[in-house]
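Presented below is the structure to which this report refers.
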């Protein structure tokens with residue numbers, strides 16, 4: 001059971017800095033979603049039009065990315081618990097699948113997620129697996145713990161990462177910060193801050209999000225334990241995310257997650273490990 005709980009901790013980490021981070025990326029100049037700064041400079045209808053620009057661009061990005069069912073990603077995270085790097089591939093349809101390597105000073109973990117089954121490779125577990133190199137967890141068969149792990153990682157499983165751009169739409173200070181080059185790609189940089197305690201009850205949430213989207217985002221923010229969340233997103237000219245940086249402020253300190261995305265819509269190869277290399281954890 002200890003290994004199972006450890007797996008849950010890794011997955012919760014991914015939910016906090018993979019699920020939300022997997023939503024991100026790209027670039028561009030400065031107007032607030034609420035329109036305060038635009039109103040101060042010009043007022044009237046022109047101010048409303050300028051204020052709508054960042055949100056309109058993010059909505060367009062959601063449409064542009066909806067047809068791409070896979071992506072390659074790299075990332076890093078820093079928190080009070082430590083630092084680490086990750087890289088992998090993700091497929092969103094026809095069935096969710098992900099392969100990822102996560103490296104930190106404490107451990108190196110490989111993970112493959114296909115449907116509701118997660119395969120994990122961690123040297124610390126090998127001794128308990130009778131020499132096998134992988135252990136599998138079926139979330140459906142794990143009862144309450146499996147349901148908790150599934151809920152914590154629900155955004156990874158159920159959504160194209162680009163769809164989490166929707167979280168930025170509830171920011172009342174959403175801004176276009178101008179053009180920037182990221183990994184050789186010309187992008188537009190957007191930034192916004194979210195207060196999870198109030199943002200999802202706001203007029204912006206009602207305007208841009210469905211009730212189901214609001215519940216999903218509330219679940220992710222609850223798992224992260226964030227009191228505020230700052231999101232910076234860089235979008236390429238085709239509307240696809242190139243980079244996202246998320247800073248969560250929590251009672252344990254700040255957590256910073258950075259993710260970069262490439263090869264949207266390209267073919268990926270994700271398969272389960274050979275069955276003779278997969279063991280199960282002892283129940284005792």
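Here are the numbers for the structure shown:
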| quantity | calculated |
| --- | --- |
| Test set (1) under 19 Å from the mean Cα position of the chain (by Cα); (2) under 19 Å from residue 63 (Cα atoms); (3) at pLDDT 90 or above - residue 213 fails condition number | (3) |
| Residues that are loosely packed, with under 15 Cβ neighbours inside 10 Å and assigned to a helix (DSSP H, G or I), drawn from the range 91-139 | 123, 124, 127, 128 |
| Sole exception among (1) closer than 30 Å to residue 245 by Cβ; (2) at pLDDT 90 or above for residue 134, by number | (1) |
| Filter result for the condition that a residue is under 17 Å from the mean Cα position of the chain (by Cα), under 14 Å from residue 55 (Cα atoms) and without any contact (Cβ under 8 Å) to a residue 60 or more places away in the chain, over 191, 222 | 191 |
| Some residue of the range 225-241 being more than 23 Å from residue 85 (Cα to Cα), touching a residue at least 60 places away in the same chain (Cβ under 8 Å) and out of contact with any helix residue (DSSP H, G or I) (no Cβ under 7 Å at 6 or more places or on another chain) | yes |
| Test result for residue 168, in a strand (DSSP E or B), modelled with pLDDT of 85 or more and crowded, with 22+ Cβ neighbours inside 10 Å | no |
| Residue match in the range 187-209 (condition: within 25 Å of residue 96 (Cβ to Cβ), modelled with pLDDT under 85 and surrounded by fewer than 22 Cβ atoms within 10 Å (Cβ to Cβ)) | no |
| Meets criteria (modelled with pLDDT under 90, assigned to a helix (DSSP H, G or I), touching a helix residue (DSSP H, G or I) at 6+ places or on another chain (Cβ under 8 Å) and farther than 14 Å from residue 176 by Cα) for residue 39 | yes |
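So that you can scan it fast, the table gives a plain yes or no per residue for (1) out of contact with any helix residue (DSSP H, G or I) (no Cβ under 6 Å at 6 or more places or on another chain); (2) over 20 Å from residue 70 (Cβ atoms); (3) surrounded by fewer than 21 Cβ atoms within 10 Å (Cβ to Cβ); (4) modelled with pLDDT under 90:
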{"residue": "250", "(1), (2), (3), (4)": "yes, yes, yes, yes"}
{"residue": "255", "(1), (2), (3), (4)": "yes, yes, no, yes"}
{"residue": "263", "(1), (2), (3), (4)": "yes, no, yes, no"}
{"residue": "266", "(1), (2), (3), (4)": "yes, no, yes, no"}
{"residue": "271", "(1), (2), (3), (4)": "yes, no, yes, no"}
{"residue": "274", "(1), (2), (3), (4)": "yes, yes, yes, no"}
{"residue": "277", "(1), (2), (3), (4)": "yes, yes, yes, no"}
{"residue": "280", "(1), (2), (3), (4)": "yes, yes, yes, yes"}
{"residue": "284", "(1), (2), (3), (4)": "yes, yes, yes, yes"}
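The values are calculated or read from the model by the stated rules, or taken from the named source; none is laboratory data. Source: prediction; values computed, not measured. Don't worry about glycine lacking a Cβ; one is built from the backbone with ideal geometry, like all the others, and counts go over all protein chains shown.
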